[in-house]
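Asks: My questions will all concern the structure given below.
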Number of protein chains: 2
Amino acid sequence: MTGRRPGRPGHNQDAVLTAAVRLFNDKGYEATSISDLAEALGITKSTIYHHVTSKQDLLRMAINHALDGLQQAAAEVEALDAPAIERLELLIRRSVLVLADRLEFVTLLLRVRGNNAIESNALMRRRILDAQVTELVKEAQAAGDLRADIDPATAARLMFGMVNSLAEWYQPRRDGAAPLADAVVGMAFEGLRTRQE
Amino acid sequence: MTGRRPGRPGHNQDAVLTAAVRLFNDKGYEATSISDLAEALGITKSTIYHHVTSKQDLLRMAINHALDGLQQAAAEVEALDAPAIERLELLIRRSVLVLADRLEFVTLLLRVRGNNAIESNALMRRRILDAQVTELVKEAQAAGDLRADIDPATAARLMFGMVNSLAEWYQPRRDGAAPLADAVVGMAFEGLRTRQE
């Protein structure tokens, strides 16, 4: 991680980062100052600058924490020797778990608009992930496992529309996010309508 | 609409409002000033104040434009004498069309966090809409038309996670948003997996 100073305990930087992400989500990145952050944490600005070099630094670390989680899930799925539909299902499940685990970080990531170099880079990394999902849908359609009457890019976006909506409403639960991952997969693959089997 | 001065042509205020929504979405509401807006439009601040009384005024008009569209769709669906599953399907279709039609306005609405009285009011109106969707899912489950193993509030949120994701990626198309509404309904109700009929 950039900005971590040698010899400083990581948990202090983590506390600063967590508070920063919360403020960025509440007020917007542009409207948040290091002074706001100092006030929220009840510490001085100079204490904050012991842990991070700049507001940009905090934005980069926060976005990386979200993207690294999602990219790791994507890389594991990519390495799997299984039909595309199973890899897609696993990618949805893993993404739900990453969102639940890094909720405020992913919320920030999803609001990024490309207003600076850090944000533009994040958008590029997101586009690569999106393309991977679309590719999996295409493969699963070609294998005859997914219906072919929905455009693969649209299907991918709608699936991740469900996943990403967690950022808006997910509340941590005692039983974790696995039941929610089941619900997303069930809805995406089987739909909600009852059937006569 | 509040803030519309008598005798002034509406299209001028509309142009100011449209530009404001774009800036609010790009930079965030807090970080946008009336000066930024004047610069974006190539007019003076005082010309802007001929059309609107304040930045808050613009926020309220923009959010109302989004919410009024969604509430009108919900009211029409509510008045319909049809099974809950059909009302739900229609509500999804109509919501997709409202999003496509008022894309930047709904995008702004979806980013609102309750930072001021206007935003808090918008969140309250959104919660009422969400509750209506959940109620429709419950009714359709009770009628045996939707599977009952997914919590109604979760199903409602995931469905509107798909719908609301349009704000992130929808590009206006020559054939309109109806094919996309079909895709959302198809995915929500039937799922993506192929079946042996």
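The values are calculated or read from the model by the stated rules, or taken from the named source; none is laboratory data. Owing to the predicted nature of the structure, the values given are computational and were not obtained by experimental measurement. As a convention, Cβ positions derive from the backbone with ideal geometry for all residues, glycine included, and neighbour counts pool all protein chains shown.
Asks: Within segment B:44-64, is even one residue surrounded by 20 or more Cβ atoms within 10 Å (Cβ to Cβ), hydroxyl-bearing (Ser, Thr, Tyr) and part of a helix (DSSP H, G or I)?
Replies: no
Asks: For segment B:33-40, does any single residue satisfy the condition of being surrounded by 20 or more Cβ atoms within 10 Å (Cβ to Cβ), among the aliphatic types (A, V, I, L, M) and not assigned by TED's automatic domain parsing to the domain that holds B:Gly144?
Replies: The answer is yes; a qualifying residue exists.
Residues checked against (1) among the hydrophobic types (A, V, I, L, M, F, W, C); (2) under 22 Å from B:Ala167 (Cβ atoms):
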residue: A:Leu23; (1), (2): yes, no
residue: A:Ala31; (1), (2): yes, yes
residue: A:Leu58; (1), (2): yes, no
residue: A:Gln71; (1), (2): no, no
residue: A:Ala75; (1), (2): yes, no
residue: A:Arg93; (1), (2): no, no
residue: A:Ala122; (1), (2): yes, yes
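Asks: Please give the helices (runs of 4 or more DSSP H) falling wholly within segment B:86-197 in which 3 or more residues are within 11 Å of another protein chain (Cβ to nearest Cβ) and crowded, with 20+ Cβ neighbours inside 10 Å.
Replies: Working: elements: B:103-111, B:117-142, B:152-169, B:178-190.
Correct list: B:117-142, B:152-169, B:178-190.
Asks: Go through segment A:148-175 residue by residue and tally those that are closer than 26 Å to B:Ala131 by Cβ, in contact (Cβ under 8 Å) with a residue 12 or more places away in the chain and of a type in the set (Gly, Ala, Ser).
Replies: Result for segment A:148-175: 1.
Asks: Would you check if there is a residue in segment B:69-84 being touching a residue at least 60 places away in the same chain (Cβ under 8 Å) and either in a helix (DSSP H, G or I) or over 28 Å from B:Ala148 (Cα atoms) (or both)? So that I can check it myself, show each step before the final result.
Replies: Taking segment B:69-84 as the starting set, the residues that turn out to be touching a residue at least 60 places away in the same chain (Cβ under 8 Å) are B:83-84.
Okay, now just the ones that are also either in a helix (DSSP H, G or I) or over 28 Å from B:Ala148 (Cα atoms) (or both), so B:84.
Yes, that holds for at least one residue.
Asks: Take the residues of segment B:25-42 that are of a type outside the set (Gly, Ala, Ser) and in contact (Cβ under 8 Å) with a residue 12 or more places away in the chain: which is farthest from B:Gly114 (Cα to Cα)?
Replies: Filtering segment B:25-42 for residues of a type outside the set (Gly, Ala, Ser) gives B:25-27, B:29-30, B:32, B:34, B:36-37, B:39, B:41.
Okay, now just the ones that are also in contact (Cβ under 8 Å) with a residue 12 or more places away in the chain, so B:25, B:29-30, B:32, B:34, B:36-37, B:41.
Details: B:Asn25: 16, B:Tyr29: 12, B:Glu30: 12, B:Thr32: 17, B:Ile34: 21, B:Asp36: 23, B:Leu37: 23, B:Leu41: 28 Å.
Ranking the candidates gives B:Leu41 first.
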